[in-house]
1. Kindly indicate the residue of the stretch 69-103 that is under 25 Å from residue 114 (Cβ atoms) and of a type in the set (Val, Ile, Thr) and also modelled with the highest pLDDT among those meeting that condition.
2. Within the stretch 1-33, track down each residue that is free of Cβ contacts under 8 Å to residues at least 40 places away in the same chain, surrounded by fewer than 10 Cβ atoms within 10 Å (Cβ to Cβ) and part of a loop (DSSP other than H, G, I, E, B).
3. Could you list all residues from the stretch 8-54 that are within 22 Å of the chain's Cα centre (by Cα) and hydroxyl-bearing (Ser, Thr, Tyr)?
4. When you go through 61, 57 one by one, which is the residue that is surrounded by 10 or more Cβ atoms within 10 Å (Cβ to Cβ), over 24 Å from the mean Cα position of the chain (by Cα) and closer than 19 Å to residue 82 by Cβ?
5. So, residue 67, is that one within 23 Å of residue 12 (Cβ to Cβ) and in contact (Cβ under 8 Å) with a residue 40 or more places away in the chain or not?
6. Quick one: is residue 114 at pLDDT below 85, over 16 Å from the mean Cα position of the chain (by Cα) and among the charged types (D, E, K, R)?
Amino acid sequence: MLAVAMDNLPLEEYLVEQVFQTRGDRFDALRNFYPNMREDDWELAVAGQRVQIIKKSGMNSGVLEFGTEIVHSSDSSLFAVLGASPGASTAVWIMLHMLENSFGDQVADDWATKITEMIPSYGGDLKTDAKLVHRVRADTAEVLGLVNI
């Protein structure tokens, strides 16, 4: 951990600054995104603590990594989620990854239709398929009552 600490001093400084922010500091940061905010309209809540993963490295004793990582047994009968923010932003991806690794044949043969019904972009690539992006955005806008742009 000390070797990782020496290689990541700017990150550590940032993380320590975040932990020791005052209420005023946090509202000042919010004003960068919402200049007309009123402090009385907001309630600060502790949402959790930032976590990083330290992995073994051939060059150093460890490398600091971000994000969420899924690890599993060799037969994929046991999974664990490690790292930062295994919440709403990653929950669906994590569950799909676990299903595909544990029940690959069933996902491909029997479950793909139902998964695609629940997640219309499943099996597609939103980075390269513009038609899929437009369809998903239109469907999402309709469900949420938003104007589709």
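The values are calculated or read from the model by the stated rules, or taken from the named source; none is laboratory data. Nothing here was measured: the structure is a model prediction, and the numbers come from that model. Cβ coordinates were reconstructed from backbone atoms using ideal geometry, including for glycine residues, and neighbour counts include every protein chain displayed.
1. My answer is 92.
2. Once the filter is applied, which keeps residues that are free of Cβ contacts under 8 Å to residues at least 40 places away in the same chain, surrounded by fewer than 10 Cβ atoms within 10 Å (Cβ to Cβ) and part of a loop (DSSP other than H, G, I, E, B), the stretch 1-33 yields 20, 22, 32, 33.
3. Residue satisfying the conditions is 14 alone.
4. 61
5. no
6. no
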